[in-house]
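Presented below is the structure to which this report refers.
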Amino acid sequence: MLTKKNQVLQSFPNGIEKLEIGSGNNPESGYVHLDILPNLPDLDILSDVRKTPIPDNFVRKEVRAVHIMEHFCHPEYSSKSMQKRYGTTVEVVKEVYRILKPGGTFFIVTPDFEKICTSSSLKRVSNYWLQRWAVGGHENEYDVHHWLWTYQDAKRWFKEARFKDCRNCNPTPEILGKPLLNWKAEDVQGNMDWHKIEWYHWLFIRGKK
Ligand SMILES: C[S@@+](CC[C@H](N)C(=O)[O-])C[C@H]1O[C@@H](n2cnc3c(N)ncnc32)[C@H](O)[C@@H]1O
């Protein structure tokens, strides 16, 4: 596990091809994993993602962020003390821009506030899932959602960090055709498609440096 810049340089003398930030208990294979909590499976870099020990332009292909971007504060609406303690969305997007090599991509998956609201008002999703999407798992201080994103937020914050071609690449429409939204929590037990319905409620965004 690494915490210092010189250790990163020693361990990855040719740079990093693909980095996952906030890998938690679900590290994606094929990536170098970074998280703020120690003792996680396959953790390579122990660091706060707001200020990593990774040199500029060090990640060649991709930075992946699945279910972490909602853990940061709003750059204007959150109080200054919250921003200082937990970091802001823009701060993290800018740090990712710094460590990515030109041509590399930043891929995020995060709850889609608009879709969640629509499903909620139509009573298509149970409160069990709405509450988890809204506030996070609450297993520790880093497992709390501080802001839920919209596509407009993503476009604005990626642009502020100078990312180009910010696109919504949610795969659900292609997989499901017409998304089946009469989803109830109990469906998770026997419904092999439940994750696709869950995907429907996420933003999948990719931007290019
Ligand atoms: C909900 S978990 C997601 C884990 C995994 N990516 C997944 O999809 O299941 C969010 C992860 O982000 C990490 N995290 C939260 N704030 C962080 C920060 N400032 N720097 C680095 N990691 C952070 C947490 O420790 C946690 O492991």
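The values are calculated or read from the model by the stated rules, or taken from the named source; none is laboratory data. Note that this is a predicted model, so its numbers are computed, not measured. As a convention, Cβ positions derive from the backbone with ideal geometry for all residues, glycine included, and neighbour counts pool all protein chains shown.
Between Ile45, Ile54, the distinction of being farther than 22 Å from Gly136 by Cβ, buried (at least 18 other Cβ atoms within 10 Å of the Cβ) and touching a His at 6+ places or on another chain (Cβ under 9 Å) belongs to Ile45 only. Of everything in the stretch 75-84, what is without any contact (Cβ under 8 Å) to a residue 12 or more places away in the chain and within 15 Å of the ligand (Cβ to nearest atom)? Give them in sequence order. If the condition is that a residue be without any contact (Cβ under 8 Å) to a residue 12 or more places away in the chain and within 15 Å of the ligand (Cβ to nearest atom), then Gln83, Lys84 are the ones that fit.
If the condition is being farther than 18 Å from Lys51 by Cα and in contact (Cβ under 8 Å) with a residue 60 or more places away in the chain, then the stretch 1-17 contributes no residue at all.
Residues are listed down the side, and each one gets a yes or a no for (1) in a loop (DSSP other than H, G, I, E, B); (2) in contact (Cβ under 8 Å) with a residue 60 or more places away in the chain; (3) more than 8 Å from the ligand (Cβ to nearest atom):
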site: Leu19; (1), (2), (3): no, yes, yes
site: Glu28; (1), (2), (3): yes, no, no
site: His33; (1), (2), (3): no, no, yes
site: Leu40; (1), (2), (3): yes, no, no
site: Asp56; (1), (2), (3): yes, no, yes
site: Ala65; (1), (2), (3): no, no, no
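Based on this model, can you work out whether Phe72 counts as under 16 Å from the mean Cα position of the chain (by Cα), surrounded by 15 or more Cβ atoms within 10 Å (Cβ to Cβ), at pLDDT 95 or above and more than 13 Å from the ligand (Cβ to nearest atom)? Answer is no for this residue.
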